[in-house]
Amino acid sequence: MHLMLIMGAIALAILSRLVAKYRPVTPAQRWTAALGPFLFAPLLLICTVGAVFCMGREGHMLGLPVGSMGWGLAAAFLLLLAVALLYWGWQIWRSRRALRALPLVDINSLTAHLLDTPALFAAQVGFWQPHLVVSQGLLETLPVEQVAAVLAHEQAHAYYRDTFWFFWLGWLRQVTAWLPHTEALWQELLLWRELRADRWAAQRVDPLLLAEALVQVVKSPLKSPDLPCAAFGDASSHSRLAERVEALIPTVENTAMLNVPGQSPPIEARLPWPWLLAACLPLCSLLAHH
């Protein structure tokens, strides 16, 4: 019976990803439309194997014996989750250790670690309290106004704790890379993260300066490490770069919005509660075990 539960959860996780791909959404719903399917599949699997593991290798469900094969699969999956989480945490520790070797500089009342490279790079690196990292090439190439725009964008990542939240999302991405559309949903979440940071920064600096700086950084990219790092040039393929630049070009409508301090960006940022609650339903199977 446990094996049937696990196989059913895998089938439902795959089906949810396939259905979500063809679900029409409005621009304001892009965040929940990407986050919901992205979270549902791994959380469904985690809740299912967690319930199976807690029920143990003995007993019955709905009159059927549970067996030990399903419990063994659940234990193996939980072990995989733990190993992936430890590896992800070790990457964070290693990056923070590497930051200690970089010199510190003061830029516009901000303290940053200076990366000695001609490439244009700026990012928040870390976990709950990330560290700002900028490259020598960024400071030498961009004018002062554009550097200030880039720093405002990175301050937005620190304000929203993007490195913390994307640590957990990146962990789920790692352990469910085999599911359909994982990478596409991940890229959509990265784009939304950058759009939100762009809008936050555009309330404090000239959005045109921010757009010009973005184009310059993409021309001389430095690949950011595959860990919780919120970099200015993330999600900057040709189509996504165009979308970010177009969102920063001030029309009559959005200029008024961007100039209002504290104005929330017109991007829906609510948690996808229906998806989250549905993913927890396998925990109810504990009541049927005896």
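The values are calculated or read from the model by the stated rules, or taken from the named source; none is laboratory data. Given the structure is predicted, the values throughout are model-derived calculations rather than measurements. Because the Cβ atoms are built from the backbone with ideal geometry, glycine has one as well, and the counts that use them run over all protein chains shown.
Below are the figures for this structure:
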quantity	calculated
Thr255 vs. criteria modelled with pLDDT of 90 or more and either buried (at least 17 other Cβ atoms within 10 Å of the Cβ) or more than 24 Å from the chain's Cα centre (by Cα) (or both)	no
Single residue of the range 164-204 satisfying the filter (among the β-branched types (Val, Ile, Thr) and touching a Ser or Thr at 6+ places or on another chain (Cβ under 7 Å)) that is farthest from Leu151 (Cα to Cα)	Thr176
Exclusive hit being of a type in the set (Phe, Trp, Tyr) and closer than 20 Å to Ala242 by Cα, set Phe121, Phe167, Phe127	Phe121
Among the residues listed as Arg17, Arg57, the single one being outside the structural domain of Ala184 (by TED's automatic domain parsing), among the basic types (Lys, Arg), surrounded by 14 or more Cβ atoms within 10 Å (Cβ to Cβ) and at pLDDT below 85	Arg57
Flag for Arg173 being of a type outside the set (A, V, I, L, M, F, W, C), more than 11 Å from the chain's Cα centre (by Cα), in a helix (DSSP H, G or I) and assigned by TED's automatic domain parsing to the domain that holds Asn108	no
Unique match (being touching a strand residue (DSSP E or B) at 6+ places or on another chain (Cβ under 6 Å) and either without any contact (Cβ under 8 Å) to a residue 60 or more places away in the chain or crowded, with 20+ Cβ neighbours inside 10 Å (or both)) among Pro143, Pro130	Pro130
Only one of Leu222, Leu210, Leu241, Leu190 that is under 29 Å from Gln174 (Cα atoms) and modelled with pLDDT of 90 or more	Leu190
Residue within the range 265-279 that is over 15 Å from the mean Cα position of the chain (by Cα), at pLDDT below 85, surrounded by 13 or more Cβ atoms within 10 Å (Cβ to Cβ) and not β-branched (Val, Ile, Thr) present	yes
